[in-house]
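Structure first, commentary second.
The values are calculated or read from the model by the stated rules, or taken from the named source; none is laboratory data. Keep in mind it's a predicted model, so treat the numbers as computed, not measured. Cβ placement follows ideal geometry from the backbone for every residue including glycine, while neighbour counts extend to all protein chains displayed.
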Amino acid sequence: MSMPVKLEEEESTVASELEHTNCSSTLEHTGDTRGLKKAASYLSQCTTLSAGLSHVSHENLSVASESQVSAPEFSAIKPDVENALGVEPPEVISIWTWRSIGIVANGFLLAFMNATCTGVAYGFFLGYMGLDSYVMSSITALMKLPDVLLLPFGVMTDCLPIRGQHRKPWLLVAWSIAGIALLAMSLKPQPAPFYCQDANGDYDWYVPPCNPDIHKEKNWYVFPLFMLTAGVQLGSVAGEGLLLEYSQREPVERRGHIKSEMTMACTAGALTSSLFLGIFMNGKAYLGTFDWGLSFSGLMSVCLVLVIFIIPITVLCVHEPPKSGQRTSCRAHVKSSWELVQKKALSSLLFFAFFVQFLVSQTTTAGPMVRSQWAHVKVLQQQMFSMAGLAVMMAATWMYKMFFLQVSWRKAICIAIVTVTVSDAIPTFLTTFGVVRSQYFYLGEDVVGSIPMAVLQLVSNLMIIELAETGREGLCYGLIGTLQHSAIPFATVVSNQIYGLFNPKLSNLENYVMDTPAFRSTVAWSYVLTYSTSFIALGFLPLIPWQKAEAHRRKKEWSSNSLMAAMVLAIPAACLIYGIIVLMLTSQPETACLRWVGGQGCENLS
């Protein structure tokens with residue numbers, strides 16, 4: 001076939017895809033422990049790991065790797081669709097002009113807020129409030145529950161415009177919600193810490209606690225943190241939808257540059273949070289080393305001031321391109337969402353997002369105790385190493401953007417998971433067996449693991465850009481995000497239940513103080529199980545495409561199945577409900593001791 005005829009057929013194919021394009025987003029790694037397990041951190045609101053559309057019969061589909069895609073075939077995604085339809089191509093928007101720089105400021109502050117919520121949990125819940133590690137994990141999972149609302153948030157921003165705009169007004173609503181939560185926490189008087197403090201301000205781990213009643217107040221902090229997370233996630237969905245509109249206007253050969261730049265801006269926000277927490281939340285009451293520092297309520301007051309400043313910036317410096325065509329009703333939006341989920345490709349992607357997130361979120365409850373009791377990690381050093389890791393992340397993101405945009409997504413994710421897991425295991429096992437117990441050695445993994453982590457996050461951004469459907473940007477961002485985050489409460493519950501079976505108990509402070517060889521082996525085996533689940537997740541990689549060309553081919557060729565769609569929605573929903581019920585039981589003093597939720601047994605309580 002001659003080249004002109006081939007190009008005509010390719011242009012026709014791309015034009016027809018405008019009506020049949022599916023969407024997806026990416027799998028974000030989360031967790032409270034080190035390495036791969038802590039990827040639900042500061043960048044969750046601006047970097048969701050997007051998997052491709054997948055899985056029809058292998059008999060009628062040949063999977064093409066990046067090395068199998070020729071240059072002319074790759075250019076099939078490139079034709080100017082707008083000209084083919086007789087309209088002018090949309091204006092390419094830069095995020096570095098005065099009319100749009102507000103989206104960068106929003107991404108920066110959203111990352112700052114998310115990193116602050118995550119970063120303060122170690123010192124406040126584990127140190128100041130003296131919670132058991134499994135209870136701390138449950139509290140953290142409860143406060144992050146709004147992460148599962150990405151889909152309804154996405155639908156809201158897509159089909160419920162405010163004064164004719166879909167994204168910008170919802171950013172303002174999000175900051176208002178966050179501001180109210182911060183105001184409540186900044187005004188609440190703070191109780192005395194759980195453990196007794198000596199003359200130097202350090203905690204005395206060997207005497208009975210001075211304020212055991214503080215455990216009864218922990219639930220008060222959960223709801224405002226829940227609302228703060230809800231505001232951050234609503235802002236993330238609105239901002240991500242707007243950023244997708246910007247990115248889809250880029251020429252195909254440059255597509256991904258805006259997302260790369262935004263990822264670096266979000267990383268800078270997280271880096272700033274680490275610097276701030278490392279300096280101002282490094283008081284001894286929060287497992288730090290300084291004799292001075294902000295209190296938890298003081299930190300919330302600072303965050304409130306930042307929210308007040310971002311509101312006028314959002315009003316004046318966020319540009320939302322005007323929408324063409326008629327508004328889609330919410331009913332039609334839900335119907336189209338169901339039609340999208342029925343696609344085998346998207347259903348397979350949703351399975352990928354849910355099960356891989358579940359596996360990589362499996363964490364031993366020994367993690368926080370190893371960090372605080374054996375590695376003796378202090379807040380300042382933890383935040384300084386986090387800053388170094390984020391700086392390396394920014395550099396790695398820039399390198400990937402410049403030189404590796406066309407590398408196979410599967411290979412990049414596989415290498416990243418293996419590298420992060422191995423680099424995490426070395427300092428963990430050496431610390432566990434007492435070979436090297438230095439916070440600087442233990443925290444070095446945070447820097448080493450930042451390079452593959454950056455690859456995971458940027459690959460996710462590239463996938464969502466290719467697979468999002470025009471006019472459904474919020475839906476596409478939220479659909480995978482909701483399924484992915486619904487796995488986290490369930491993973492936390494299963495982790496507490498599985499690792500609660502280990503003896504001696506992994507959450508008991510006395511075992512770490514005694515530090516016997518038998519207990520060291522118990523902790524080590526718990527880490528072996530944790531790392532094994534990460535490697536099992538590699539078995540799901542065939543569900544994502546190799547690169548852009550295959551992602552577009554899958555969207556076009558794969559069929560629908562309503563049963564598969566029902567399963568992919570019902571299974572995560574059941575797991576989420578179960579997870580929330582058990583987490584609520586774990587957060588209550590009367591039921592937190594139950595063995596089947598991860599406790600040590602209520603009969604052991606005095």
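Residue by residue, here is whether (1) within 30 Å of residue 396 (Cβ to Cβ); (2) touching a residue at least 40 places away in the same chain (Cβ under 8 Å); (3) in contact with a helix residue (DSSP H, G or I) (Cβ under 6 Å, 6 or more places away or on another chain) holds:
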{"position": "263", "(1), (2), (3)": "yes, yes, yes"}
{"position": "279", "(1), (2), (3)": "yes, yes, no"}
{"position": "287", "(1), (2), (3)": "yes, yes, yes"}
{"position": "323", "(1), (2), (3)": "no, yes, no"}
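For the range 104-133, what are the residues that are among the polar types (S, T, N, Q) and farther than 22 Å from residue 295 by Cβ?
In the first step, residues of the range 104-133 are kept if they are among the polar types (S, T, N, Q); the result is 106, 114, 116, 118, 133.
Scanning the range 104-133 gives 106, 133.
Inside the range 525-553, can you point out the residues that are under 19 Å from residue 499 (Cα atoms), free of Cβ contacts under 8 Å to residues at least 40 places away in the same chain and either buried (at least 21 other Cβ atoms within 10 Å of the Cβ) or not β-branched (Val, Ile, Thr) (or both)? Talk me through it step by step, then tell me what you get.
First pass over the range 525-553, keeping only residues under 19 Å from residue 499 (Cα atoms): 525-536.
This time we only want the ones that are free of Cβ contacts under 8 Å to residues at least 40 places away in the same chain, so: 525, 528, 532.
Selection gives 525, 532.
Residue 507 passes all but one of (1) assigned to a helix (DSSP H, G or I); (2) within 18 Å of residue 369 (Cβ to Cβ); which number fails?
The one condition residue 507 does not meet is (1).
Mind checking which residues of the range 280-297 are hydrophobic (A, V, I, L, M, F, W, C) and at positive phi? Give the derivation first.
So the first thing to find is which residues in the range 280-297 are hydrophobic (A, V, I, L, M, F, W, C), and the list is 280-281, 285, 287, 290, 292, 294, 296.
287, the sole residue that qualifies.
Here is a check on your reading of the model: is residue 399 touching a helix residue (DSSP H, G or I) at 6+ places or on another chain (Cβ under 6 Å) and among the hydrophobic types (A, V, I, L, M, F, W, C)?
Values: touching a helix residue (DSSP H, G or I) at 6+ places or on another chain (Cβ under 6 Å): no; among the hydrophobic types (A, V, I, L, M, F, W, C): yes.
The answer is no for residue 399.
Within the range 234-258, work out how many residues are under 24 Å from residue 161 (Cα atoms) and assigned to a helix (DSSP H, G or I).
As a first pass, look at the range 234-258 and keep what is under 24 Å from residue 161 (Cα atoms): 234-249.
Now narrow it down to the ones that are assigned to a helix (DSSP H, G or I): 234-247.
Selection size over the range 234-258: 14.
Only one residue in 488, 536 is in a helix (DSSP H, G or I) and either at pLDDT below 85 or in contact with an Asp or Glu (Cβ under 9 Å, 6 or more places away or on another chain) (or both), so which one is that? It would help to see each step written out before you state the result.
Details: 536 fails: either at pLDDT below 85 or in contact with an Asp or Glu (Cβ under 9 Å, 6 or more places away or on another chain) (or both).
It is 488.
From the residues in the range 157-189 that are in a helix (DSSP H, G or I) and polar (S, T, N, Q), which one is modelled with the lowest pLDDT? Give the steps one after another, and end with the answer.
So in the range 157-189, the residues in a helix (DSSP H, G or I) come out as 157-159, 168-187.
Among the residues that remain, those that are also polar (S, T, N, Q) are: 157, 176, 186.
Values: 157: 81, 176: 96, 186: 92.
Within the range 157-189, the match that is modelled with the lowest pLDDT is 157.
Kindly indicate whether any position in the range 249-271 is surrounded by fewer than 19 Cβ atoms within 10 Å (Cβ to Cβ), closer than 17 Å to residue 128 by Cβ and touching an Asp or Glu at 6+ places or on another chain (Cβ under 8 Å).
The answer is no; no qualifying residue exists.
Please work out which residue is farthest from residue 513 (Cα to Cα), limiting yourself to the range 190-227 and to residues that are assigned to a loop (DSSP other than H, G, I, E, B) and under 33 Å from the mean Cα position of the chain (by Cα).
Applying the first criterion (assigned to a loop (DSSP other than H, G, I, E, B)) to the range 190-227 yields 190-196, 198-202, 204-211.
If we keep only those that are under 33 Å from the mean Cα position of the chain (by Cα) too, we end up with 190-195.
On the way: 190: 29, 191: 26, 192: 24, 193: 20, 194: 18, 195: 15 Å.
By that ranking, first place goes to 190.
With respect to the numbered conditions (1) touching a helix residue (DSSP H, G or I) at 6+ places or on another chain (Cβ under 9 Å); (2) more than 30 Å from residue 503 (Cβ to Cβ); (3) of a type outside the set (D, E, K, R); (4) in a helix (DSSP H, G or I), which one is the sole condition not fulfilled by residue 372?
(2)
Have a look at 353, 285, 345 and point out the one that is part of a helix (DSSP H, G or I), crowded, with 16+ Cβ neighbours inside 10 Å, touching a Lys or Arg at 6+ places or on another chain (Cβ under 7 Å) and of a type outside the set (D, E, K, R). If you could, list the steps in order and put the result at the bottom.
Numbers: 353 fails: touching a Lys or Arg at 6+ places or on another chain (Cβ under 7 Å); 285 fails: touching a Lys or Arg at 6+ places or on another chain (Cβ under 7 Å).
Just a single option satisfies the conditions, and that option is 345.
Quick one: what pairs do we get from the range 179-208, first residue over 12 Å from residue 287 (Cα atoms), second part of a loop (DSSP other than H, G, I, E, B) and among the β-branched types (Val, Ile, Thr), C-beta under 6 Å, 6+ apart or different chains?
196/207
In the list 495, 507, 526, 521, which residue meets the criterion of being in contact with an Asp or Glu (Cβ under 6 Å, 6 or more places away or on another chain) and not β-branched (Val, Ile, Thr)?
Numbers: 495 fails: in contact with an Asp or Glu (Cβ under 6 Å, 6 or more places away or on another chain); 526 fails: in contact with an Asp or Glu (Cβ under 6 Å, 6 or more places away or on another chain); 521 fails: in contact with an Asp or Glu (Cβ under 6 Å, 6 or more places away or on another chain).
Exactly one of 495, 507, 526, 521 is in contact with an Asp or Glu (Cβ under 6 Å, 6 or more places away or on another chain) and not β-branched (Val, Ile, Thr), namely 507.
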